[in-house]
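Everything on this sheet refers to the single structure shown next.
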Amino acid sequence: MEQGSFKVLADGSVTTPKGFRAGGLHCGLKKTTRHDLGAIVCEVPATAAGVYTTNVFQAAPLQVTRESIGSGGVLRAVLVNSGNANACTGEQGEADAYEMRSRFAEAIGVSADQVAVASTGVIGENLKMDKVRSGIDGLPAKLDGGLAGAEDFCQAILTTDLVQKMVCVELMLDGQLVSIAGAAKGSGMIHPNMATMLGFVTTDAAIESDDLQTLLRQSTDLTFNMITVDGDTSTNDMLVAMASGLAGNQSLTPRHEGWTAFADALRYVCEVLAKAIARDGEGATKLVEVQVRGAESDESAQAIAKTVIGSSLVKSAVFGADANWGRIIAAVGRAGQPVNPATVDIRLGDIVTLEQSRPVAFDEDAALEYLKGDTVVIGVDLHMGSGSATAWGCDLTYDYVRINAAYRT
């Protein structure tokens with residue numbers, strides 16, 4: 001499927017970019033037999049970048065990964081476990097994260113500072129390191145450069161997720177075919193400011209670490225930082241990108257003629273993954289998209305869009321297919337941004353419910369049918385400026401409470 005300057009690969013994965021292998025296995029951290037330990041490995045030192053949670057309580061693996069990327073801007077691998085967050089586990093948790101890094105580095109024959117570590121799952125419980133050690137020792141044999149390895153990795157990073165989340169695109173740079181791919185997990189404890197998730201991007205483009213960091217941050221601000229499920233920012237959020245450089249293009253910089261095309265492709269990968277996380281929100285039945293236009297600035301539009309998408313009342317109304325635009329206007333008004341109370345338009349899909357802040361007669365039955373769909377778009381136009389933003393989330397359902405009332409059990 002063509003998307004502007006790049007093509008979406010239906011069968012692409014994090015192993016599609018040249019130089020990458022992936023895999024996963026069950027080591028026993030989860031009560032089920034689903035994979036709970038996985039890795040992505042690059043055959044050459046890959047330039048790397050990372051973005052992390054803003055939560056003050058940051059899990060031990062984040063410290064390890066920051067240190068690894070900060071030591072030289074390159075990675076050879078990222079090791080991930082699910083079933084245990086290794087967060088709020090004190091000195092033992094830190095020691096366990098460092099041991100995971102060093103043990104996997106030894107298993108694949110690279111230096112420890114070229115390995116990143118990520119964890120997801122229950123907070124406040126120590127890792128069962130006997131099981132982790134056994135899993136790490138067996139993981140190199142599971143690494144594969146095809147789709148099977150990528151799918152095993154994707155399964156290994158899931159917690160309450162119902163589906164795997166992967167996307168891959170390709171584009172031409174300097175006459176060379178360049179691939180960008182991503183995989184992510186996330187379903188609950190999702191909120192802007194990194195978004196509660198683990199995300200991994202691979203590419204075979206040649207690009208320096210600082211430039212990759214710039215693009216990753218920009219893409220994150222417009223995608224992962226614009227989703228919410230429940231308003232809770234996790235202790236373990238992490239997005240890591242690795243670039244092998246094996247595509248053979250000239251190194252990308254802001255002066256490269258392909259910079260914008262690559263940036264657009266990277267943002268697309270991040271947006272697809274972000275929307276997949278929102279759609280897979282715990283208990284969710286609908287993807288909700290909030291489009292804000294006419295704000296004084298993009299930053300103001302982002303704040304308003306996040307407020308509307310995060311409103312429990314808006315989310316509940318969408319779940320109940322209730323065209324209650326009053327919930328929406330109330331969220332707009334409490335976002336703490338400049339708003340002219342006399343010029344706001346609101347629509348549900350193509351159905352206008354408010355125009356210039358005055359109620360508009362609309363077909364309630366048509367609105368009901370629209371809101372019963374699996375994707376709901378809420379449009380807000382402030383008529384104040386050129387600022388715009390889009391945020392994504394989901395409805396709030398009975399199942400969300402059921403799932404989180406028994407998360408540990």
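The values are calculated or read from the model by the stated rules, or taken from the named source; none is laboratory data. All values reported here derive from a predicted model rather than from experimental measurement. Here Cβ is always computed from backbone atoms with ideal geometry, including for glycine, and neighbour counts include all displayed protein chains. The protein model used for the area step is the full one, side chains on, heavy atoms only, and it has no ligands, DNA or RNA in it. Shrake-Rupley method; radii C 1.70, N 1.55, O 1.52, S 1.80 Å.
One table, with the values for the structure above:
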| item | result |
| --- | --- |
| Considering only the chain, percent of DSSP beta bridges that pair antiparallel, nearest 5 | 70 |
| Surface accessible to a 1.4 Å probe, Met197 within the full protein complex, Å² | 10 |
| The chain - Kirkwood radius from inverse mean 1/r over Cα pairs (Å) | 21.7 |
| Kirkwood hydrodynamic radius (C-alpha pairs) into Stokes-Einstein, the range 234-288, 20 °C and 1.002 mPa s, D in µm²/s | 152 |
| 5 angstrom amide H check on Val167, placed H, neighbours 5+ away | Gly182 |
| Helix 209-222 vs. the chain, principal-axis angle (Cα, 0 to 90°, nearest 10) | 30 |
| Largest-first ellipsoid semi-axes for the range 85-128, taking √(5λ) over the Cα gyration tensor eigenvalues, angstrom | 21, 9, 8 |
| R0 of 25 Å, Cβ-Cβ distance Asp399-Ala321: FRET efficiency to nearest 0.05 | 0.95 |
| Alpha carbon convex hull of the range 1-106, projected area averaged over orientations, nm² | 9.3 |
| Placed amide H near Cys27: partners under 5 Å, 5+ positions off or other chain | Asp36, Leu37 |
| Karplus-derived HN-Hα couplings along the range 286-302 (A = 6.51, B = -1.76, C = 1.60, θ = phi - 60°), whole Hz, x at Gly and Pro | 9, 8, 10, 10, 10, 10, 10, 10, x, 7, 5, 7, 4, 5, 5, 5, 4 |
| Exceeding the 30 Å Cα-Cα cut-off - candidates Lys142/Lys165; Lys165/Lys372; Lys275/Lys372; Lys31/Lys306; Lys18/Lys286 | Lys31/Lys306; Lys18/Lys286 |
| Net length gained if the chain between Asp137 and Ala366 were fully extended (0.36 nm per residue, minus Cα distance) | 76.6 nm |
| Within-14-Å neighbourhood charge of Asp137 [Cβ basis; K, R +1; D, E -1] | +1 |
| Per-residue SASA entry for Lys142, accessible area with 1.4 Å probe, Å² rounded to 10 | 110 |
| The chain, relative contact order in percent, only Cα pairs under 8 angstrom and at least six apart counted | 17 |
| Under Karplus coefficients 6.51, -1.76 and 1.60, residue-wise ³J(HN,Hα) of the range 392-401 in Hz, glycine/proline x | 10, x, 8, 7, 9, 10, 4, 5, 4, 5 |
| Kirkwood estimate for the range 224-368, i.e. one over the average of 1/r between Cα atoms, Å | 17.9 |
| Top positive-direction residue, dipole computed over the range 1-150 with Cβ charges, set Thr54, Gly138, Thr16 | Thr16 |
| Over the range 335-406, equivalent-ellipsoid semi-axes from the Cα gyration tensor in Å | 27, 19, 11 |
| Surrounding net charge for Gln356, when Lys and Arg each add one and Asp and Glu each subtract one, Cβ distance under 11 Å | -2 |
| Relative pair counts by distance (%), Cα atoms of the range 107-168, 5 Å bins | 3, 12, 18, 26, 23, 14, 4, 0 |
| Charge dipole (debye, nearest 20) of the chain; +1 at Cβ of Lys and Arg, -1 at Cβ of Asp and Glu | 720 |
| CD proxy at 222 nm, helix term only [per DSSP H run n ≥ 4: -39500 (n - 2.57); per residue of the chain; nearest 500] | -10000 deg cm²/dmol |
| Under-5 Å amide H pairs with Thr353, H placed in peptide plane, nonlocal only | Ile346, Arg347, Leu348 |
| Karplus (6.51, -1.76, 1.60) ³J(HN,Hα), θ = phi - 60°, over the range 105-114, in Hz, Gly and Pro reported as x | 4, 5, 5, 10, x, 10, 6, 4, 6, 10 |
